[in-house]
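See below for the structure under consideration.
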Amino acid sequence: MTASAKPPAIELRGIDKRFGPVHANRDVSLSVPAGTIHGIVGENGAGKSTLMSILYGYYHADAGEAWVDGKRRDIRTTADAIAAGIGMVHQHFMLVDTFTVLENVVLGVEGGALLKGGMARARTELGRLEREYKLDVDIDAVVGDLAVGLRQRVEILKALYRGANVLILDEPTGVLTPTEADHLFRILAALKREGKTAILITHKLREVMAITDNVTVMRRGAVVATVRTAETDASRLAELMVGRKVLLRVERTPARPGRVVLEIDGLRVTDALGIERVHGVSLDVRAGEIVGIAGVAGNGQTELIEAIAGIRPIAAGRIALNGETLAAPEVSLTPRERRERGLAHIPEDRQRMGLVVPFAAHDSAILGQQANPAYNRYLLLDRRAIIDSCAEKMQRYDVRPDNPRLISANFSGGNQQKIVLAREIETDPDLLLVGQPTRGVDIGAIEFIHRRLIALRDAGKAILLVSVELDEILGLADRVLVMNEGRVVGALDAAEATEHKLGLLMAGVTKAA
Amino acid sequence: MGPPSSNDAPRWVDLALLPAVNLLAAFVVAGLVILVLGENPLAALGSLVYGSLGYAEAIGFTLYYATNFVFTGLAVAVAFHAGLFNIGGEGQAYLGGLGAGLVCLALGSWPPAIVLPLGVIAAAAFGAAWAFVPGYLQAKRGSHIVITTIMFNFIAAALMTYLLVNVFIKPGQQSPESREFEPATWMPFVHEVAGAFGVALAKSPLNLSVVLALLASVALWVFLWRTRWGYALRVVGFNETAAIYGGIAPARVVIAAMALSGALAGLVGVNEIMGVQHRLILNFTGGYGFVGIAVALMGRNHPVGIALAALLFGALYQGGTELSFDMPRLTKEVVVVIQGLVILFCGAFEGLFRPRLLALFARNAQAPAAAAAG
């Protein structure tokens, strides 16, 4: 921290915010020195995003003050925040796909009714920014054609063009390959050298350790600690976040694989537009093992899992469960028939697929099981049985709050995932398909979910796991397959899989050491 | 990111106060219209209320209209729960009447115990068939249900005109209507049934279809919220992706929901054709199908809410007729304007006052913004 004479780039004093009964921020004070990278970590619902939304003018705090560069600022709208030199890179990009990079950047700051003059000025300025921070973005490219990592850099460019001195990044690496993430960190380092300040909201402790100068840990809406990154470590941070000791990696014994449960041969899957997403994948999963599929999101994993579950039709190849064909060119069992034959599926997007968000928890907890005789009495659903069964599962899977009548949407990500997990595991499946089991789930729940998956494996079930989190793959899988552009480009045993090897394979470098 | 949700106001605000405020707003604007026309709005309101609920005969008429609105409101609601906007209730009701009429014309000599149930079944079946086609096209071909159902309204109207002018018309007659059915096929009037039990009720078109409407309401509630098929229907309506994941075939649900919706709308034919007209005529649906949309919207797509909203609209229909009788300056057209205003405020502008009302009653009122950051 060099510029000790300069006032903090951002100082928040006593920020308090309630949403009805939820106390999202409790008297939060935070000081971010100028020219540093500051991490804010915390579990889901800890209040990180609310705090940053207040700073960026989306919400208005009930109490508290914001000071920018030593001056008190009243930030009521995002325009106020931008005027104060604050920029934000959202988790979900706010870009117009059909516009070029240049057009996206000037959107909202065109500088006059006629585009021509403003565009020319913007072009010069963008060229300068792009070179200065080594963003490697072609400003005439159409955004829709750009890879995710590049789109994120367009967002950064947008913020810088609007004069941002402080950049807020919300979970920036969630969608990036390890290589893209490294590039992002180099850009942040360059920004820091120029005296700019970055605030990084994340739940990935490894990144916090790698790049930040200081870290603020939040729990239940309050700041529990602000520490220098150099003086702490990941497990200490995890403990602060959760409030108790957590195992970042669940203990497990070696797998004892049995008979082949899932057999896939030459599988090809095309999407609704007729583009082939899975190009001839063959794999098998045995009883009592977890096979992990690593890969950057969007390389065919989703399509593969959905084809196995029966949600997507297949174009060629064969899928068999316990020796019985589920799908082949002339055969296709419905999702329900596949479930009846011992398949369970924890989908990667619980909001869109795993739950019916406006339903009460007990109704979400029978999705896919609605015809199960245990939940029906003659023509009617047996409400008593449904609610009791849900309450009992909530107890055993530690779902909080354990109220089956609460609307599914009102549970936190981790608890929603536990509802799905309980429903699927309790069908006693032979094969469990799992997609991104801990996306958007807090650390305490991650540990719980990992334990359950290992326990299921030890009970002799076959598990096919897709995850973009390398930590998760390395922590759970007994065998790792890497998918890139719809193909399996590598297969490694757990013992020989390392982050480095997987990273290279994921990036499409096939000759991994 | 959006504004913070403030759905923590008490439920009665959303369910009872909001419709009441909407209704009040409609009456205020209607009052202004009446004032401009030189009549006393309060006297007009008095006449409207007396004309719809003030005496036994009026109540009978109000309930008779409400019966139609229950059927069409339920029809809109069941489609809505499956994520479909069925605006073809008018045509489905028209065809339902045709089904009932065919049974009555063909089987007039059969005993009522057989003909009446058959007529009801035929009305439902014809309505269901008329909605099945748009449902099928939506599910299998992606033709938008709003477009197809409204086109089917026109087809239904043309078909009925053709049939009445060319097929069912009485020989030697000018007006396009069928012969009168045999009395055995008439849905008994409530005042007749009551009279048989020694209870004297005023004469009105109210017939036993009102009982059918109540049964349909209860049955639909049980179906939607207490059976696995209703569960599947609601899952499809909320989230089709989750439905597919859960082993539900959305195409089948869409077709079934439309058929059910059409069947409910078709029951208007029982009330009108078997209950009141006792012959097939033109345009007996009188816009009930469209008003059903407002009824369902105001009733929150719930059978209880729909029954209450149907009563309101029934009262408006009946009271409106009395009103133009009492105050000749308020012509039939002005009454239509008043009904339109109620539909506008309770239907199209249904959410107009919601944000403010919910904020007003939010349980934990937020601290004054003035005290906040900055």
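Here are a few things to note about the model shown:
- Projecting the Cα positions of A:Ala222, A:Leu205, A:Gln301 onto the charge dipole of chain A (unit charges on Cβ atoms of Lys, Arg, Asp and Glu, taken about the Cα centre) puts A:Ala222 furthest along the positive direction.
- Cα gyration tensor shape for segment A:3-242, rounded if a/c is under 1.5, else prolate or oblate: prolate
- Extension gain (nm, one decimal) between A:Ser29 and A:Asp145, 0.36 nm per residue minus Cα-Cα: 37.6 nm
- Cβ-Cβ FRET estimate between A:Arg162 and B:Ala202, R0 fixed at 56 Å, reported to 0.05: 0.15
- Under 17 Å from a label point set 7 Å out along the Cα-to-Cβ vector of B:Thr241, the amide N atoms of segment A:349-366 belong to A:349-359.
- Classified by the C-alpha gyration tensor, segment B:44-355 has an oblate form. Its axis ratio a/c, with a ≥ b ≥ c, is 1.5 or above, and a/b does not exceed b/c.
- Residue order, fewest to most beta carbons within 10 Å, for A:Met119, A:Met88, A:Met94: A:Met94, A:Met119, A:Met88
- Averaged over the residues of A:15-22, the number of partner chain Cβ atoms lying within 10 Å of the residue Cβ comes to 5.
- Taking other C-beta atoms within 10 angstrom as a stand-in for reagent exposure, A:Cys390, B:Cys104 fall in the order A:Cys390, B:Cys104, fewest first.
- Exposure proxy shown here: for A:Ile15, A:Ile346, the number of other Cβ atoms within 10 Å sets the order, fewest to most, as A:Ile346, A:Ile15.
- Where both bridge residues fall in segment A:3-242, DSSP classifies roughly 55% of the beta bridges as antiparallel.
- Segment B:23-150: C-alpha gyration tensor shape, a/c 1.5 cut-off, then a/b vs b/c: oblate
- Taking 19 Å as the cut-off, the amide N atoms of segment A:92-106 that come nearer than this to a point 7 Å along the Cα-to-beta-carbon line of A:Arg121 belong to A:102-106.
- Dipole moment magnitude, nearest 20 debye, segment B:162-276 about Cα centre, only Lys, Arg, Asp, Glu C-beta charged: 380
- Structural size metrics of chain A, computed from C-alpha coordinates, are Rg and Dmax of 24.5, 77 Å.
- Placing unit charges on the Cβ atoms only, positive for Lys and Arg and negative for Asp and Glu, gives segment A:3-242 a dipole magnitude near 520 debye about its Cα centre.
- 14 Å beta-carbon shell around A:Asp402, net charge (K/R +1, D/E -1): +2
- Theoretical gain in end-to-end length, A:Thr325 to A:His279 [0.36 nm per residue, Cα-Cα removed]: 14.6 nm
- Segment B:187-243: chymotrypsin sites (Phe, Trp or Tyr not before Pro) in DSSP coil with no more than 16 other Cβ atoms inside 10 Å: B:Phe197
- With a 10 Å cut-off around each Cβ of B:243-255, the average count of Cβ atoms from other chains is 5.
- Whole-Hz ³J(HN,Hα) from phi, Karplus 6.51 cos²θ - 1.76 cosθ + 1.60, for segment A:382-390, glycine and proline x: 8, 4, 4, 4, 5, 5, 4, 5, 5
- Listed residue pairs exceeding 32 Å between alpha carbons, taken from A:Lys393/A:Lys501; A:Lys17/A:Lys134; A:Lys393/B:Lys140; A:Lys48/A:Lys134; A:Lys461/B:Lys140; A:Lys192/A:Lys418: A:Lys393/A:Lys501; A:Lys17/A:Lys134; A:Lys393/B:Lys140; A:Lys461/B:Lys140; A:Lys192/A:Lys418
- Between B:Arg329 and B:Ala106, the modelled label-to-label distance comes to 5.5 nm, taking each label 7 Å out from Cα in the direction of the beta carbon.
- Average beta-carbon neighbours from other chains, 10 Å sphere, peptide A:354-361: 4
- In this label model, A:Arg336 and B:Lys170 are separated by 5.2 nm, measuring between points 7 Å along each Cα→Cβ vector.
- Charge tally for A:Ala344 (other residues, Cβ to Cβ under 10 Å; Lys, Arg +1; Asp, Glu -1): 0.
- Positive dipole terminus of the protein assembly as shown, leading residue within A:Ser31, B:Val33, B:Gly83 (C-beta point charges): A:Ser31
- Rg ratio for segment A:319-416: its Cα radius of gyration over 2.2 N^0.38 Å, N being its residue count, equals 1.23.
- Computed as a quarter of the hull surface, the mean projected area of the alpha carbon convex hull for segment A:324-365 stands at 3.9 nm².
- In the protein assembly as shown, taking the dipole from charged Cβ atoms about the Cα centre, the farthest positive-side position among B:Ala216, A:Ala238, A:Leu321 is held by A:Ala238.
- Dipole magnitude of the protein assembly as shown, debye to nearest 20 (Cβ charges: Lys/Arg +1, Asp/Glu -1, about Cα centre): 860
- For B:Phe132, neighbours were defined as the other residues whose beta-carbon sits under 14 Å from its Cβ, and their charges (Lys and Arg +1, Asp and Glu -1) total +3.
- B:Val193/A:Arg76 FRET efficiency (R0 60 Å; Cβ-Cβ; nearest 0.05): 0.35
- Segment A:327-388: GluC sites (Glu not before Pro) falling in loop per DSSP and having at most 10 other Cβ within 10 Å: A:Glu330
- For B:Val29 and A:Arg193, the FRET efficiency from 1/(1 + (r/R0)^6), where r spans their Cβ atoms and R0 equals 60 Å, is about 0.40.
Only the coordinates and a few stated rules stand behind these numbers; no lab work does. Keep in mind it's a predicted model, so treat the numbers as computed, not measured. Quick reminder, even Gly has a Cβ in these numbers, built from the backbone with ideal geometry, and neighbours come from all protein chains shown.
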